[in-house]
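Undergrad: This is the structure, below, for whatever I ask next.
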Amino acid sequence: MLTNKTIVLGITGGIAAYKAVDIASKLTQAGANVRVIMTKSALEFITPLTFESITGNAVVTDMFQTNAEHRINHVALSEIADVIVIAPATANIIARIACGMADDMLACTVLATKAPVIISPSMHTNMYENSITQENIAKLKERGFTIIEPSAGRLASGGYGIGRLPDTEVIIGAIQQTLGKSGNLKGKRIVVTAGGTQEDIDPVRYIGNRSSGKMGYAIAEAARDRGANVTLITTPTALAIPEGIKTVTVRSALQMKDVVVKATAKADVLLMAAAVADYTPKTTAKQKIKKGAGGLTLELVKTPDIISEVKGKFLKIGFAAETQNLLANAKKKLASKGLDMIVANDVTSKGSGFGTDTNKVTLISKDGKQESLPLMSKREVAEKLMDRVGKMIGKKR
Ligand code: C5P
């Protein structure tokens, strides 16, 4: 996705400038051509040498550079950029851009470009909340700039508040989403479920399963990065909520069903990667169940089979996590649940299934087409799936 993309990374004079090193590094590792522009104030916080070493490209700091090796036409980067990202962006650069100024290389590049621009404001809370900054941000949003909301936490000044630069993953997520806007799922509404449901026994305990949510999150991100409008319905997991994806957190199978029904009212695709409990305690004890002398028997009742019961014209794609007779069981589920495709997943095979970063699956469609994929990362599995989804949507219309 980021391979061979030219990303102009603008760095301004905030304490978070050091975090831009991580952003430049991860983008470069992902195959992007990262071209850094630093403002004069950014140079007070960090040196160009750091970025030059990481990106392998000269860093531009001056519009009037006389050193021939580093000299560059004032609009050159604006023309080659696939996307421009300013992280961190101070109140000052935001104000200058909002006024249409071109008084340094970064402002000039933004003014001259036709590429999408992402701005990640980072500053002291009072400066961020100042109505002038807010008006400038609103103006940029209106003009089509993407603004990444700063996160809240401890600030360099010692206080707590909003104004921190979000994690690198959030910023890279916004870049991927922007680059993927015209992908093969452009404008499609995709609902993805992820994680393992939790069925309460009492206020302290629940029946859960080993799903980590990694496969579902990878699918949601892959769909987002192809231009889809994604809703992720997730149980609590250890994973970070992805940028640019509407996320709803649920716990039980019943709660998940309610949210899936609402979310699919206008959906093109439902992809159920969640491991949904088949049974739930008949009653949930109001107080913590005390240990007694003997054993404890729980009465369980069936949960609704969400993917079978939810009705609509959208494509239905399910997962079959199996420990034996993988393909036969998966095919049975494909038919009995009325699915368009099922992703068969042997959770006992090495590097596959719960909690791992890789997966080995077989895609089986309603028309009998069967494709066994080798062991690959969950993101790669998600990309293969999205290739298929793109083709299937085309046929369904
Ligand atoms: O029957 P089994 O649980 O193996 O089916 C797996 C598929 O069905 C998955 O896509 C899962 O998300 C979905 N499912 C469901 N509602 C349930 C149980 C499973 O939608 N109650």
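Undergrad: Assuming 0.36 nm per residue, please report the length gained on full extension of the stretch LEU375 to ALA238 beyond their Cα-Cα distance.
TA: Extending this stretch completely gives an extra 47.0 nm.
Undergrad: Could you compute the net charge surrounding PHE354? Neighbours are other residues with a C-beta less than 12 Å from the C-beta of PHE354; K and R count +1, D and E count -1.
TA: So the surrounding residues net to +1.
Undergrad: Does the stretch 297-390 come out rounded, prolate or oblate by the C-alpha gyration tensor, with a ≥ b ≥ c the root eigenvalues, rounded set by a/c under 1.5 and, if not, prolate when a/b is larger than b/c and oblate if not?
TA: It comes out oblate by the Cα gyration axes.
Undergrad: Okay, next question. Where a ≥ b ≥ c are the square roots of the eigenvalues of the C-alpha gyration tensor, would you call the stretch 127-188 rounded, which needs a/c under 1.5, or, failing that, prolate if a/b is larger than b/c, or oblate?
TA: oblate
Undergrad: Using amide H atoms built in the peptide plane, which far-off residues or other-chain residues are under 5 Å from SER212 H to H?
TA: When sequence neighbours closer than 5 places are left aside, the close amide H contacts are GLY355.
Undergrad: Using the Cβ atoms and a cut-off under 12 Å, what net charge is assigned to the surroundings of LYS186, where Lys and Arg are +1 and Asp and Glu are -1?
TA: Around LYS186, the charge tally is +3.
Undergrad: Determine ³J(HN,Hα), in whole Hz, for all residues of the stretch 169-174 in sequence, where each value follows from phi through the Karplus function 6.51 cos²θ - 1.76 cosθ + 1.60 and θ = phi - 60°; x replaces Gly and Pro.
TA: Result, rounded to whole Hz: 4, 5, 5, 5, x, 5.
Undergrad: Also, I was wondering about something else. With r as the distance between the Cβ atoms of VAL204 and ALA293 and R0 = 22 Å, compute the FRET efficiency 1/(1 + (r/R0)^6) and round to 0.05.
TA: 0.60
Undergrad: Once fully extended, how much extra length lies between GLN134 and LEU300, figured as 0.36 nm per residue of separation less the alpha-carbon to alpha-carbon distance?
TA: So the chain would gain 54.5 nm between GLN134 and LEU300.
Undergrad: Name the long-range amide H neighbours of GLY10: under 5 Å, sequence gap of 5 or more, or other chain; modelled H, no Pro or chain starts.
TA: For GLY10, the qualifying residues are ILE37, VAL85, ILE86, ALA87.
Undergrad: Of all DSSP beta bridges located in the stretch 6-179, what percent are antiparallel, nearest 5?
TA: If we restrict to bridges inside the stretch 6-179, about 20 percent are antiparallel.
Undergrad: Dipole size in debye (nearest 20) for the chain around its Cα centre, Lys and Arg Cβ +1, Asp and Glu Cβ -1?
TA: Charge dipole of the chain: 1780 debye, to the nearest 20.
Undergrad: In terms of the ratio Rg/(2.2 N^0.38 Å) built on C-alpha atoms, what value belongs to the chain?
TA: 1.15
Undergrad: Take the Cβ-Cβ distance between HIS74 and GLU142 as r, set R0 to 22 Å, and report the resulting FRET efficiency rounded to the nearest 0.05.
TA: 0.25
Undergrad: With θ set to phi - 60° and the Karplus curve 6.51 cos²θ - 1.76 cosθ + 1.60, what are the ³J(HN,Hα) couplings of the stretch 326-333 in order, to the nearest whole Hz, using x for Gly and Pro?
TA: Using θ = phi - 60°, the values come out as 3, 5, 5, 5, 5, 5, 4, 5 Hz.
Undergrad: Within the set of other residues whose C-beta is less than 15 Å from the C-beta of ILE94, count the net charge using Lys and Arg as +1 and Asp and Glu as -1.
TA: Computed value for this residue: -2.
Undergrad: At 0.36 nm per residue, and after removing the present C-alpha to C-alpha distance, how many nm does the segment from GLU309 to MET127 gain when stretched out fully?
TA: Computed gain between GLU309 and MET127 is 60.4 nm.
Undergrad: Translational D (Stokes-Einstein, µm²/s) of the stretch 1-130 at 10 °C and 1.306 mPa s when Rh comes from the Kirkwood sum over C-alpha pairs?
TA: The estimated diffusion coefficient comes to 109 µm²/s.
Undergrad: Looking only at the chain, where both bridge partners belong to it, what percent of the DSSP beta bridges are antiparallel (to the nearest 5)?
TA: 30 percent
Undergrad: Only sites in a loop by DSSP and with at most 10 other Cβ atoms within 10 Å count here; which trypsin sites (Lys or Arg not before Pro) in the stretch 1-98 make the cut?
TA: none
Undergrad: State the Cα centre-to-centre distance between the stretch 203-262 and the stretch 344-365 in whole Å.
TA: 19 Å
Undergrad: Using 7 Å Cα-to-Cβ label points, what is the SER336/GLU149 separation (nm, one decimal)?
TA: 4.2 nm
Undergrad: Could you state the accessible area per residue of the stretch 189-396 in Å², with a 1.4 Å probe and every protein chain left in place?
TA: 50 Å²
Undergrad: Can you give me the long-range amide H partners of GLY227? Hydrogens built in the peptide plane at 1.01 Å from N, cutoff under 5 Å, separation of 5 or more residues or another chain.
TA: Under 5 Å from the amide H of GLY227: GLY183.
Undergrad: Estimate the FRET efficiency between GLN255 and ASN4 by the formula 1/(1 + (r/R0)^6), using the beta-carbon distance for r and 56 Å for R0, to the nearest 0.05.
TA: Using R0 = 56 Å, I get an efficiency of 0.85.
Undergrad: Indicate, rounded to the nearest 5 percent, the antiparallel portion of the DSSP beta bridges found entirely in the stretch 189-396.
TA: Around 40 percent antiparallel, to the nearest 5.
Undergrad: Per residue of the chain, what 222 nm ellipticity follows from adding -39500 (n - 2.57) for every DSSP H run with n ≥ 4, rounded to the nearest 500?
TA: Theoretical 222 nm ellipticity from helices: -9000 deg cm²/dmol.
Undergrad: Moving on to the next point. Going through the cross-link list LYS257/LYS337; LYS313/LYS360; LYS266/LYS360; LYS333/LYS384, which pairs have a Cα-Cα distance over 24 Å in this structure?
TA: As for pairs spanning more than 24 Å Cα to Cα, those are LYS313/LYS360; LYS266/LYS360.
Undergrad: Also, I was wondering about something else. Take each of the peptides 301-311, 108-118, average the number of other beta-carbon atoms within 10 Å over its residues, and list them starting from the highest.
TA: 108-118, 301-311
Undergrad: Right, another one. So which of LYS331/LYS395; LYS246/LYS331; LYS214/LYS291 end up more than 26 Å apart by C-alpha?
TA: Beyond 26 Å between Cα atoms: LYS246/LYS331; LYS214/LYS291.
The values are calculated or read from the model by the stated rules, or taken from the named source; none is laboratory data. All of these numbers come straight from a predicted model, not from anything done at the bench. Virtual Cβ from ideal backbone geometry, glycine too; neighbours counted across all protein chains shown. Remember, those area values only see protein heavy atoms, side chains included, never the ligands or the DNA or RNA. Shrake-Rupley method; radii C 1.70, N 1.55, O 1.52, S 1.80 Å.
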